[in-house]
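I have placed the structure first, in the form of structure tokens, so that the comments after it can refer back to it.
Nothing in this text is a laboratory measurement; each read-out follows from the coordinates by a stated rule. Owing to the predicted nature of the structure, the values given are computational and were not obtained by experimental measurement. Every residue, glycine among them, receives a Cβ derived from its backbone with ideal geometry; neighbour counts consider all protein chains shown.
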Amino acid sequence: MIQVNKNICPHNHVCPLIKACPVGAISQDSDGYPVIDYSLCIECGKCVRKCPKKAMTQVADASAQV
């Protein structure tokens, strides 16, 4: 699962990850933070690698650990 660290994300500009996402799973909310549509996200990690502020992280999905 990809998560956004709102403490790091500057959210004062158009997020470059919107165009970087190969499946269009990233948009921005009214405050400017990136929002991930998990129904579209393929967890390729491209946003994690491309985020200039390293505000995106890939974490293990707790529901998948059964």
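Looking at the chain, the pairs of alpha carbons with a distance over 18 Å make up 29% of the total. Our estimate of slack between residue 5 and residue 37, defined as 0.36 nm per intervening residue step minus the Cα-Cα distance, is 9.9 nm.
Spin-label model, residue 61 to residue 44: label points 7 Å out along the Cα-to-beta-carbon direction sit 1.7 nm apart. For the chain, the dipole from Cβ point charges (+1 on Lys and Arg, -1 on Asp and Glu) about the Cα centre works out to 360 debye, to the nearest 20. Taking the helices alone, the chain has a mean residue ellipticity at 222 nm of -2500 deg cm²/dmol, built from -39,500 (n - 2.57) per DSSP H run of at least 4 residues and averaged over all its residues.
In percent, rounded to a whole number, the relative contact order of the chain is 42, using alpha-carbon pairs under 8 Å and six or more apart.
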